[in-house]
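Undergrad: So that we are looking at the same thing, I have put the structure below in structure tokens.
The values are calculated or read from the model by the stated rules, or taken from the named source; none is laboratory data. Values in this document were obtained by computation on a predicted structure and should not be read as measured data. Positions of Cβ are backbone-derived with ideal geometry, glycine not excepted, and every protein chain shown enters the neighbour counts.
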Amino acid sequence: MQDVRDALYIGHRSDGTLTRRPMSPHLQVYRFRLSMFLSIANRAAGVAAAAGATLGVCWLNAASKGPESFKKVQKVTRNPLGKLALAGWTLALVYHFVAGLRHLAWDAGYRFEKKEINEDGPVAVGVTIGATLVLLASIFGVAACRSRKKKAS
Amino acid sequence: MNASHTPRIDVMRSQLGRARGLGAGKAGVDHWWLERMSAVALVPLSGWFVLQVLRLAGAEQQDVVEWGGKPANASMLLALMVLTFYHMQLGLQVIIDDYVHGKAHLPASLLLKGAALLIGLFAVIAVLKLALAPSTRAAA
């Protein structure tokens, strides 16, 4: 036995002999609920946001190195696939932010009843989708305006 | 039940004493609390970051250099980078704790800590390089 959790798996039968307690049933026995998807999605979004942050550091590094490095990064950010990755990163960041705020509220003792959690789930989805779309439209809009201005001048 | 799964205990100690000997919660609530505190700090920093992204969308290198050369921007950016990668390390550590068991747990944790530290340092150096670069506005 190496793991302290193993100690909690051991119980006694009524005749006094030792037995391993049954484990919790696996995921597929549960009916699908939005809250369970939102829970694992927060974890996935955190991982995706971390991966995106690493790419963001590459962008910063290129900017600090000079115009030639920055041109290489622009090839990625102006490529449709790069834009798709940027959109995915934005979605992950926005959802992780929204779900994080919910977690902070729960930790402070608010909105933690089952009924409230089930009410807030769809709201979180709506806010995430809405905020992501607004953000992406603004970012790509600003970028388009800037490049048009540059061409005009 | 299944006879092959019947556990065997070599030492005559109480269940509680044995569990205690295996090590308690170690750092207690520290990890959880620091994850929350870094999250709280990242809320306003993320808001600032969104504004800066909107300012810099489609920017050329010259614009980014000018932006990063301002001490206020560099300070916020440094805080954002340090807290982001600290929060990332805390979060990914929980995932490792949940899914990686046995002997692989320690090397996985060390790998994560090393990677988070190096990426974070890399980000800090990049920001400092931008911030401390000789001002291009004065020369022009």
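Undergrad: Could you tell me whether the range A:100-115 includes any residue that is assigned to a helix (DSSP H, G or I), away from every other protein chain (no Cβ under 11 Å) and surrounded by 16 or more Cβ atoms within 10 Å (Cβ to Cβ)?
TA: Within the range A:100-115, one or more residues are assigned to a helix (DSSP H, G or I), away from every other protein chain (no Cβ under 11 Å) and surrounded by 16 or more Cβ atoms within 10 Å (Cβ to Cβ).
Undergrad: While we're on this one: So if I check each of A:ALA7, A:ALA48, which one is surrounded by 14 or more Cβ atoms within 10 Å (Cβ to Cβ) and touching a residue at least 40 places away in the same chain (Cβ under 8 Å)?
TA: When all the criteria are applied, what remains is A:ALA48.
Undergrad: Condition first: β-branched (Val, Ile, Thr), surrounded by fewer than 16 Cβ atoms within 10 Å (Cβ to Cβ) and within 12 Å of chain B (Cβ to nearest Cβ). Now tell me which residues in the range A:117-153 satisfy that.
TA: Listed by number, the list holds a single entry, A:VAL134.
Undergrad: So A:TYR110 passes all but one of these: (1) modelled with pLDDT under 95; (2) more than 27 Å from A:ALA51 (Cβ to Cβ). Which condition number does it fail?
TA: (1)
Undergrad: Which numbered condition in (1) more than 8 Å from chain B (Cβ to nearest Cβ); (2) in contact with a helix residue (DSSP H, G or I) (Cβ under 8 Å, 6 or more places away or on another chain); (3) surrounded by 12 or more Cβ atoms within 10 Å (Cβ to Cβ) is the only one that A:MET23 fails?
TA: Result: A:MET23 passes all but (3).
Undergrad: In addition: Specify the residue that is nearest to B:LEU132 (Cα to Cα); the eligible residues are those in the range B:85-100 that are away from chain A (no Cβ under 11 Å) and touching a residue at least 40 places away in the same chain (Cβ under 8 Å).
TA: Among those that are away from chain A (no Cβ under 11 Å) and touching a residue at least 40 places away in the same chain (Cβ under 8 Å), it is B:TYR86.
Undergrad: Scan the range A:135-142 and tell me whether some residue there is over 22 Å from the mean Cα position of the chain (by Cα), on the phi < 0 side of the Ramachandran plot and in a helix (DSSP H, G or I).
TA: yes
Undergrad: Return the residues of the range B:62-76 that are in a helix (DSSP H, G or I), more than 8 Å from chain A (Cβ to nearest Cβ) and either surrounded by 17 or more Cβ atoms within 10 Å (Cβ to Cβ) or of a type outside the set (Gly, Ala, Ser) (or both); say none if nothing qualifies.
TA: Result: B:ASP63, B:GLU66, B:TRP67, B:PRO71, B:ASN73, B:ALA74, B:MET76.
Undergrad: Would you mind telling me which numbered condition in (1) more than 20 Å from A:ALA44 (Cα to Cα); (2) away from chain A (no Cβ under 11 Å) B:LYS103 fails?
TA: (2)
Undergrad: Listed residues B:VAL82, B:VAL43; which is at the interface with chain A (Cβ under 9 Å from one of its Cβ atoms) and surrounded by fewer than 19 Cβ atoms within 10 Å (Cβ to Cβ)?
TA: B:VAL43
Undergrad: For residues that are more than 9 Å from every other protein chain (Cβ to nearest Cβ) and either over 21 Å from the mean Cα position of the chain (by Cα) or surrounded by 20 or more Cβ atoms within 10 Å (Cβ to Cβ) (or both), tally how many sit in the range A:74-85.
TA: So the count comes out to 4.
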